[in-house]
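Below is one structure, written out as structure tokens; the observations come after it.
The values are calculated or read from the model by the stated rules, or taken from the named source; none is laboratory data. Predicted model only: the values in this text are computed from it and were never measured. Reconstructed Cβ throughout: ideal geometry from the backbone, glycine too, with neighbour counts over all protein chains shown. The area values use the complete protein model at the heavy-atom level, side chains included, leaving out ligands, DNA and RNA. Shrake-Rupley method; radii C 1.70, N 1.55, O 1.52, S 1.80 Å.
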Amino acid sequence: MNIDKSKRAGNGLGSKLPNVGTTIFTVMSKLATETDAINLSQGFPGFDCSPELVSLVEHYLRKGFNQYAPMVGVPALREALARKTFDQYNVAYDPDTEITITSGATEAIFAAITAVVRPDHKAGPDEVIVFEPAYDSYVPAIELNGGVPVYVTLTPPDYAIDWQVVRNKITDRTRLILVNTPHNPTGHVWTNDDLDQLAAIVHDRDIWIVSDEVYEHILFDGREHHSLMTHPVLQERTFVIGSFGKTFHITGWKIGYCLAPKELSVEFRKIHQYLTFSTVTPMQYALADYLKEPEHYRQLPDFYQRKRDLFLDGLRGSRFTIEPTEGSFFQTVSYAAITDEPDYDLAVRLTKEIGVASIPVSVFYNQKNDYKILRFCFAKDDAILAEAAERLSKL
Ligand SMILES: Cc1ncc(COP(=O)(O)O)c(C=O)c1O
């Protein structure tokens, strides 16, 4: 049979995300592998999780916990999360109606945005405030739901929020605000004043909030995490999103969660139900047990601060300009004193020539810019961090 290839199904498909290609994380990690470079680009730990956690999973696998978990997550894990959240933030979420276990924070972010954003709400698409630089999954999720991202640009070195700019961008169409603290890629952390400023904007409007708090346990120099749930005005309208991947060095397990008041959780669960239905079962039981010991997450600030400082000590003699990161496991540095190259070109050159892969921060912006900033992930073994810093210092 002769097949006319021009008529083959798919040729007219087009794209719902015409601007999305291969992500920078895939590009840089591939380049790092090809050139045998130290990979400080993608945000995942270079070391294993606790053997205790692995044993717990093995225990539940062998016990036969291998079928679908309940749609909203196994009760033991939701109860453990409710206890942890109350201990830590003094906020009570009902494990039955207000806590949902998801397949990673990425799924939870998508489900929350999908639950809120509509293409034709008030005679036009909903607008969503996005602080840029922004984690890469936010904007595609907004656009797939027919919403329009409205950017508030944060600039180096401190990436502080100018709340007057935020107020100026609010319109009748604003339906959602996306928050990320501690922040990827900048390591910036929100203060109580930021929470008050946001509350003053939303308190008398129909505006909801998705708060991506996946680095909630990784803060430095004695800082505290100010979760949006701790502010009553914000709590009642916020989907708080977390991830066990970042907290317990298990990014490959893809298990996250959403804490939200009942009315919000009802809508959230409708979407989650048809995105994944439920999340991997034996891991949920293992995490429920592992969460009983708070030290497992309370030791994270010291653990990562030591790594941050080790990396920064190694960079002291270099020509990079460094603002120590406040939280997350990312360090941004300015190379303005070293070269005029665009950040993407420099990131590629450093990978090939000195064998250290990083992420150019311009990729996290919608607005074209030339801030000359690179992001390094320091969730790696000490010897690797020391070697990477030594190589970078020779520039
Ligand atoms: C800010 C932020 N949100 C969400 C995620 C995704 O988390 P998960 O792996 O649990 O989907 C990441 C992962 O890098 C992240 O940095």
Gyration tensor (alpha-carbon) shape descriptor, segment 191-296, a/c threshold 1.5: oblate
Gained length - residue 79 relative to residue 61, 0.36 nm times residue gap less alpha-carbon distance: 4.4 nm
Relative packing of peptides 269-275, 62-68 - highest average C-beta neighbours within 10 Å first: 269-275, 62-68
Beta bridges by DSSP in segment 51-293, antiparallel share as percent, to the nearest 5: 30 percent
The chain - accessible surface per residue (Å², probe 1.4 Å): 45 Å²
Among 111, 91, 72 the positive-end extreme of the charge dipole of segment 1-123 (Cβ point charges): 111
Label-point gap, in nm, between residue 387 and residue 302 - each point 7 angstrom along Cα→Cβ: 2.8 nm
Across 270/380; 16/122; 254/368; 246/292, pairs whose alpha-carbon gap is larger than 29 Å: 270/380; 254/368
Cα-centred dipole magnitude for the chain, charges only on beta-carbon of K, R (+1) and D, E (-1), debye, nearest 20: 1120 debye
Calculated FRET efficiency for the pair residue 68/residue 33, C-beta based, R₀ 35 Å, to 0.05: 0.50
Computed lengthening from residue 322 to residue 275, 0.36 nm per intervening residue step minus Cα-Cα distance: 12.8 nm
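Based on the Cβ-Cβ distance from residue 196 to residue 352, what FRET efficiency comes out when R0 is 41 Å, to the nearest 0.05? Kindly include the intermediate steps, with their values, before the conclusion.
On the way: r = 47 Å, r/R0 = 1.15.
It comes out at approximately 0.30.
With all protein chains present, how much of the accessible area of the chain (probe radius 1.4 Å) comes from carbon and sulfur, to the nearest whole percent?
Accessible surface attributable to carbon and sulfur in the chain totals 50 percent.
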Two-site label geometry, residue 223 and residue 337: point separation in nm, points 7 Å out along Cα→Cβ: 2.2 nm
Residue 23 versus residue 48: modelled label distance in nm, points set 7 Å from Cα along the beta carbon direction: 2.6 nm
Selection from 186, 200, 170, by position along the positive dipole direction of segment 110-254 (Cβ): 170
Candidates 55, 334, 103: whichever shows maximal mean-square fluctuation once the chain is modelled as a Gaussian network with Cα springs under 10 Å: 55
Among 358, 15, 243: highest mean-square fluctuation, GNM of the chain, C-alpha pairs under 10 Å: 15
Prolate/oblate/rounded call for the chain, Cα gyration tensor, a/c under 1.5 rounded: rounded
Cβ-based net charge around residue 165, under 15 Å, with every Lys or Arg adding one and every Asp or Glu removing one: -3
Net +/- balance of residues flanking residue 79 in space, Cβ distance below 11 Å, scoring K and R +1, D and E -1: +2
Options 260, 82, 279, ranked by Cα towards positive dipole end of segment 51-293, top entry (Cβ charges): 279
Contour excess over end-to-end distance, with Cα ends at residue 204 and residue 263 and 0.36 nm allotted per residue: 19.5 nm
